[in-house]
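Single-structure report; data block below.
The values are calculated or read from the model by the stated rules, or taken from the named source; none is laboratory data. Everything numeric here is computed off the predicted structure, so don't read it as measured data. For neighbour counting, all protein chains shown are included, and Cβ atoms are generated from backbone atoms with ideal geometry for every residue, glycine included. The accessibility values were calculated without ligands, DNA or RNA, using every heavy atom of the protein model including side chains. Shrake-Rupley method; radii C 1.70, N 1.55, O 1.52, S 1.80 Å.
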Amino acid sequence: MLDKGRTADRRSDGTTLMGLLDAVDWQGSIFIRGRWQEARGGDYAVVEPATGNELGRMGAATPEDVAEAAAAAVEAQRAWAATPYPVRAAVLRKAGDLWQQHADEIQDWNIREVGAIPGMAGFALHVAAEECYEASTLPSRPYGELLPSEEPRLSMARRVPAGIVGVISPFNVPIILGIRSVAPALALGNAVLLKPDPRTAVTGGTVLARIFEEAGLPPGVLQMLPGGPDVGEAMVTDPNVRVISFTGSTAVGRRIGELAGQHLKRAHLELGGNSAMLVLEDADVEAAAGLAAWGSFLNQGQICMTTGRHLVAASVYDDFVDALAEKARHLPVGDPATDQVALGPLIDERQRDKVHRLVTASTDAGATLAAGGSYDRLFYQATVLAQVPLRSPAFGEEIFGPVAPVTRVDSVEEAIKLAADSEYGLSLGIVTQDVMRGLEIAEQIPTGIVHINDQTVNDEAVAPFGGVKASGTGSRFGGAAANVEAFTETRWITVRGKPATYPF
């Protein structure tokens, strides 16, 4: 079990505070009605991917647990929405402070349970705190507007809480991909049912529940239910849940969108990607290779925004491949909890086998292995594929592993066509010395995110985030405007000084 026997975290000033998880009996439990209670589905092992060791036990929720939590959330949400806005804002600010106060403990879990390297684990904590601080500004923002009317009345549009929001988050960056929906939904007066991926349910679920429990969130406003597809489906179909916020694969997102539509509720979907980075003929090759390595190998490539296709001008292609392959060969892979490494483990054997299958199928289709392509247990080497054919799986599919497919292009027009000709549309990087030209190129490639002279993986709490086409339903995450749109409903209200009169 992780850090067995530890009861306190040390502050920067040398004093100590009770560990966030040690303060309650969360082992084998789920969080409903403000209590840590036994799950109807029993419990299961929390496994460290780097070693296979058991870190603890997690409760396994069932559809019956979802129904109980949703029913409890109804009254809790009404009271929370009626809470004065400074109180709601204070809870979110306190939550932001707690991410920082318990950073060491949470980072340990992020490294061990998720396989994140320390830098990535620390970045997740930074974003989590910023998401809470940014969300704390939402309760005090204007929540409507006055409208003109043909009648002698006051007419207005007002934003009101959606009600109960179901948040379904994935394994790869569980803190960020959970908190970015949980924090604004709570700030805007909603209750939340959180279903983290069972593989990372402590980092992506228990930690979030404990943060808000300690921050003073009333019981029943946030409830945490790890579970499988049946739990997610129960959340989508429960009549008390009005909005679904899902981050995950396109295949599962399609199913959730279809099911939500059948039940006439909104689903905000942030899905897969196969993001392209265009390296133009005037690019600095070494700088571009540095961007490419970060974009493709960060977090073992297990990021929706990962740079999945490198479209490189023919005049700099060979130098780019050589530089990127050299970087890949020198990136250490291993256990981030014990060694100083650049890449940790993939999440499980199923994911590793998928990555290797795509690499092997692509080399069989004609791609050249410039670096990597091998693994030890769940540790997959940083891999560079050169001369990648357009028909190969590595070009057309989302790999979700540390693989950089590089394709030669003979013109900017070809690069634009290849980048745009994808079912996905999440993020785009363009490397060029002519930034205005870069912006002109970006206008021709449909994506939700564009970075000029940067790779495709970036995230800030204040920025809108989301993709188009098979990458999702647009920017429904990040930034005040997107959050208000995602987690509130618009109500039309009119007021007259005395009752209106009508012909009959």
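Some values worked out for this structure:
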{"read-out": "Hits in region 448-464 (condition: over 18 Å from the mean Cα position of the chain (by Cα) and open to solvent by 60 Å² or more (accessible area, probe 1.4 Å))", "value": "N453"}
{"read-out": "Some residue of region 368-380 being open to solvent by less than 10 Å² (accessible area, probe 1.4 Å) and on the phi > 0 side of the Ramachandran plot", "value": "no"}
{"read-out": "I175 β-branched (V, I, T), farther than 26 Å from G272 by Cα, touching a residue at least 40 places away in the same chain (Cβ under 8 Å) and not in a strand (DSSP E or B)", "value": "no"}
{"read-out": "All positions within region 409-447 that are touching a Pro at 6+ places or on another chain (Cβ under 8 Å) and crowded, with 22+ Cβ neighbours inside 10 Å", "value": "G425"}
{"read-out": "Flag for F400 being aromatic (F, W, Y), open to solvent by 10 Å² or more (accessible area, probe 1.4 Å) and assigned to a loop (DSSP other than H, G, I, E, B)", "value": "yes"}
{"read-out": "Check on E489, under 20 Å from L92 (Cα atoms), open to solvent by 10 Å² or more (accessible area, probe 1.4 Å) and in contact (Cβ under 8 Å) with a residue 40 or more places away in the chain", "value": "no"}
{"read-out": "Some residue of region 226-235 being without any contact (Cβ under 8 Å) to a residue 60 or more places away in the chain, in a helix (DSSP H, G or I) and surrounded by fewer than 20 Cβ atoms within 10 Å (Cβ to Cβ)", "value": "yes"}
{"read-out": "Qualifying residue in region 332-340 (condition: of a type in the set (A, V, I, L, M, F, W, C) and over 25 Å from G425 (Cβ atoms))", "value": "yes"}
{"read-out": "Search result, residues across region 214-225 that are surrounded by fewer than 23 Cβ atoms within 10 Å (Cβ to Cβ) and under 17 Å from L21 (Cα atoms)", "value": "E214, A215, G216"}
{"read-out": "Selected residue (only one of L217, L194, L264 is without any contact (Cβ under 8 Å) to a residue 12 or more places away in the chain and not in a helix (DSSP H, G or I))", "value": "L264"}
{"read-out": "Residue match in region 125-138 (condition: over 19 Å from V207 (Cβ atoms), surrounded by fewer than 19 Cβ atoms within 10 Å (Cβ to Cβ) and either among the hydroxyl-bearing types (S, T, Y) or within 23 Å of the chain's Cα centre (by Cα) (or both))", "value": "yes"}
{"read-out": "Count of region 20-38 residues which are closer than 18 Å to G216 by Cα and assigned to a strand (DSSP E or B)", "value": "4"}
{"read-out": "Residues located in region 468-504, provided they are among the aliphatic types (A, V, I, L, M) and within 18 Å of F246 (Cβ to Cβ)", "value": "V468, A470, A482, A486"}
{"read-out": "Cβ-Cβ under 6 Å pairs, at least 6 apart or on other chains, region 368-382 side farther than 16 Å from D335 by Cβ and part of a strand (DSSP E or B), far side at pLDDT 95 or above and among the aliphatic types (A, V, I, L, M)", "value": "T368/A386; A370/V321; A370/A325; A370/V384; A370/A386; A371/A325; A371/A328; A371/V384"}
{"read-out": "Residue tally, condition β-branched (V, I, T) and surrounded by fewer than 19 Cβ atoms within 10 Å (Cβ to Cβ), over region 76-121", "value": "2"}
{"read-out": "Pairs with Cβ under 8 Å, 6+ apart, first in region 88-117 and in contact (Cβ under 8 Å) with a residue 12 or more places away in the chain and closer than 23 Å to Q351 by Cβ, second of a type in the set (S, T, Y) and open to solvent by less than 10 Å² (accessible area, probe 1.4 Å)", "value": "W109/T203; N110/T203; E113/T200; E113/T203; V114/T200; V114/T203"}
{"read-out": "Check on A157, within 15 Å of the chain's Cα centre (by Cα) and not aromatic (F, W, Y)", "value": "no"}
{"read-out": "Those residues of region 270-282 which are surrounded by 24 or more Cβ atoms within 10 Å (Cβ to Cβ) and either of a type in the set (A, V, I, L, M, F, W, C) or more than 26 Å from P464 (Cβ to Cβ) (or both), in sequence order", "value": "L271, A276, M277, L278, V279"}
{"read-out": "Failed item in (1) of a type in the set (S, T, Y); (2) over 19 Å from the mean Cα position of the chain (by Cα); (3) crowded, with 24+ Cβ neighbours inside 10 Å, with T206 passing the rest", "value": "(2)"}
{"read-out": "Among the candidates L194, L154, L186, L177, residue that is open to solvent by 50 Å² or more (accessible area, probe 1.4 Å) and touching a strand residue (DSSP E or B) at 6+ places or on another chain (Cβ under 8 Å)", "value": "L154"}
{"read-out": "Residues (in a helix (DSSP H, G or I), out of contact with any Gly (no Cβ under 6 Å at 6 or more places or on another chain) and among the aliphatic types (A, V, I, L, M)) located in region 121-171", "value": "A121, A124, L125, V127, A128, A135, L138"}
